[in-house]
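Note sheet for the following structure.
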Amino acid sequence: MAEGKWTGGDGRRCATAANKKTAEDLPPLFLIPDGPMAVNRSLKNNLRRFWEEHHEGFKKMWTELSLAGKKNLLQSCVANMPAKRTDILRRGNSVEQIALLTPESNVEDFVSDGQGSLVALYENWCSSELQDDLEHAWSMAASLLAKNKLPRQLPNDFVMMLDMDNIKAGQSFHCKERRAVEKFKEFEARGIALQKDVYDLGNERVNKILTVLALYADEYRTEMLGLDNFFVAAPLRGCAACGKTETPEGLELRGCRNCVNETIALFCSKDCQRRFFKTHMAECKRLQKVKEEGVSDSCQVCGDLKAEGGSLLKVCGRCNSEQVKYCSKECQKTAWQAGHRRACQLSES
């Protein structure tokens, strides 16, 4: 996101342009081709395709799971999910910022049969428009800031919501003078600008909800259907060559088919895959060799070839699998929460 400084004098050009135009005349913020907006847009598109194709199977799977099974699935992808909404909203309770922004993301609601269930969340977010999601999130963030439930980090910074002359939607400005702040508050009232804290927190809320749904979608695709992994959530990684969040056709990024773990490198096009191949080839061959020999030589989570401090990688102490190694307790904990616990249980049985 481009940034600038705005003094009273510097603001006259934009003020004049803003007075001539209305929101209906200008390109929307929601078409920005990169950054958080692009990630959220791609996640939304991927989720819609997933839900259109798999909603019946997912609903059946979720309905047939026991209560304990549902809770295990929820916690396998999202660590430290609040047990219930009241844990988040209770006064005086110290909770993370993201929990306040996403109160619906809790175990009790997700496993219920009501409007707060995981299935209902998929249906709501896959049918809504991203613009509506963000506008609701910005309103929610503004309310939390007004009630001092979240601290203001950048009270004199604003984000442009529309393109105006040489100023692009998404560009942020720091106001150095009071009259500049007042002018931007006028813009905010007209939907031309938004206070940056509100903008960032709203984006964070939408990204968190979409990410949670994408992780569960990929868990279902890999564990239940045996399909390619990590493609609904692929925008979180981006193309290995150019960083784009989707293909030119607006579809999911795809991984290298030769790798054991196809999420090592994701690509938006054949051109990017060809351009990146020289960089990727050595890693790809190493992974193929690991697959043939059945012995991993890198951390399952981060890919490091040695443990922290330069020592040898450690295997899981429960299953002792040579295909699962870690460089640190932090990476082992991440893998455990992401699904290795289930693999351990299966190996024991």
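The values are calculated or read from the model by the stated rules, or taken from the named source; none is laboratory data. Predicted model only: the values in this text are computed from it and were never measured. Note that each Cβ is placed from the backbone with ideal geometry, even for glycine, and that neighbours are counted across all protein chains shown.
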- Query: Going through region 173-183 one residue at a time, which ones are modelled with pLDDT of 85 or more and not basic (Lys, Arg)?
  - Reply: PHE173, HIS174, CYS175, GLU177, VAL181, GLU182
- Query: Of everything in region 90-137 that's modelled with pLDDT of 85 or more and hydroxyl-bearing (Ser, Thr, Tyr), which residue is nearest to GLU56 (Cα to Cα)?
  - Reply: TYR122
- Query: If you scan region 216-237, which residues turn out to be at pLDDT below 85, within 13 Å of the chain's Cα centre (by Cα) and not charged (D, E, K, R)?
  - Reply: PHE230, PHE231, ALA234, LEU236
- Query: For region 243-274, which residues satisfy the criterion of being modelled with pLDDT of 85 or more, surrounded by 15 or more Cβ atoms within 10 Å (Cβ to Cβ) and either part of a helix (DSSP H, G or I) or touching a helix residue (DSSP H, G or I) at 6+ places or on another chain (Cβ under 6 Å) (or both)?
  - Reply: THR245, GLU246, PHE267, CYS272
- Limited to region 16-31, what total is found for residues that are surrounded by 19 or more Cβ atoms within 10 Å (Cβ to Cβ) and either at pLDDT 65 or above or not assigned by TED's automatic domain parsing to the domain that holds LEU194 (or both)? 1
- Query: Filtering region 174-200 down to residues that are among the basic types (Lys, Arg) and farther than 16 Å from MET164 by Cα, which residue is surrounded by the fewest Cβ atoms within 10 Å (Cβ to Cβ)?
  - Reply: ARG178
- Residues that are over 24 Å from LYS196 (Cβ atoms): find the helices (runs of 4 or more DSSP H) completely inside region 96-173 holding 1 or more of those. 107-110, 118-127
- Item | Hey, GLY35 under 30 Å from LEU162 (Cα atoms), at pLDDT below 90 and not hydroxyl-bearing (Ser, Thr, Tyr) or not | yes
